[in-house]
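Only one structure is covered here, and it is reproduced in the block below.
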Amino acid sequence: MKTLPVLVTVVMVLSAFASAPANWHYNLDEAKEIAQKSHKLILLNFSGSDWCGPCIRMHKEIFESHSFAGFADSSLVLVNADFPRMKKNQLSAAQQNLNNKMADQYNSQGKFPYTILLDDHGNALRDWDGFTNEKPDQFIQEILPFIPSQKPAP
């Protein structure tokens, strides 16, 4: 009977970890450093969190799914460049400058949502213009061919 409380605790911890949302970054330069150290790709997403219906839907249906969050944790560094319109949701001036810099480089046409897969140096590998209307596993399948194969440690 002593193992029951331990088992319940382990199950609670694992279920909390499994339902944890993907970890998003908001600075591309920092994301590149993380990606280079961890040998991961970067997924850069441009969104309008308080006005763009397809952006909101993409986050909820793909990026917040359990399967995508697990995949992203092991294979991607996620970066979100958000452009809210409502005054109450405005970002700091510093964050707005970072987002504008990312948009100037990767989204000069102002597409929303717009998602780009980058290598760890910031070179574009693939992009998605708009909400893909795919299931999370289908979206993952489109990323998999770009994941560098893991080389065995020497």
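Of the options His59, Ser49, Gly130, report the single residue whose Cα projects farthest towards the positive end of the charge dipole of the stretch 20-146 (beta-carbon charges: Lys, Arg +1; Asp, Glu -1).
Ser49
Please work out the FRET efficiency for the pair Gln36 and Gln105, using the Cβ-Cβ distance as r and a Förster radius of 22 Å; give the result to the nearest 0.05.
For Gln36 and Gln105, the calculated efficiency is 0.80.
Check His25: other-chain or 5+ apart residues with amide H under 5 Å from its amide H, H built from backbone geometry?
Leu78, Val79, Asn80
Lysine pairs in the stretch 20-146 with alpha-carbon atoms under 27 Å apart, 8 or more places apart or on different chains: how many are there?
Value for the stretch 20-146: 20.
Which order, highest average first, do 63-74, 127-138 follow once you tally other Cβ atoms within 10 Å for each residue and take the mean per peptide?
63-74, 127-138
Based on the alpha-carbon gyration tensor of the stretch 20-146 and its eigenvalue square roots a ≥ b ≥ c, which shape applies: rounded if a/c is under 1.5, prolate if not and a/b is larger than b/c, or oblate? If you can, show how the numbers build up before the last one.
Working: a/c = 1.56, a/b = 1.18, b/c = 1.32.
Oblate.
Given Cβ point charges of +1 (Lys, Arg) and -1 (Asp, Glu) and nothing else, what value in debye, to the nearest 20, does the dipole of the stretch 16-88 about its Cα centre take? Show your work: numbers first, answer last.
Working: 8 positive and 8 negative charges, 39 e Å.
My answer is approximately 180 debye.
Nothing charged except the Cβ atoms of Lys and Arg (+1) and of Asp and Glu (-1): what's the magnitude of the dipole of the stretch 20-146 about its Cα centre? Round to the nearest 20 debye.
Computed charge dipole of the stretch 20-146: roughly 360 debye.
Read-outs: derived from the displayed coordinates by stated rules, not from any lab. The structure presented is a predicted model; accordingly, all values stated were derived computationally and were not measured. Neighbour counts are summed over all protein chains in view; Cβ atoms, including those assigned to glycine, are modelled from backbone coordinates with ideal geometry.
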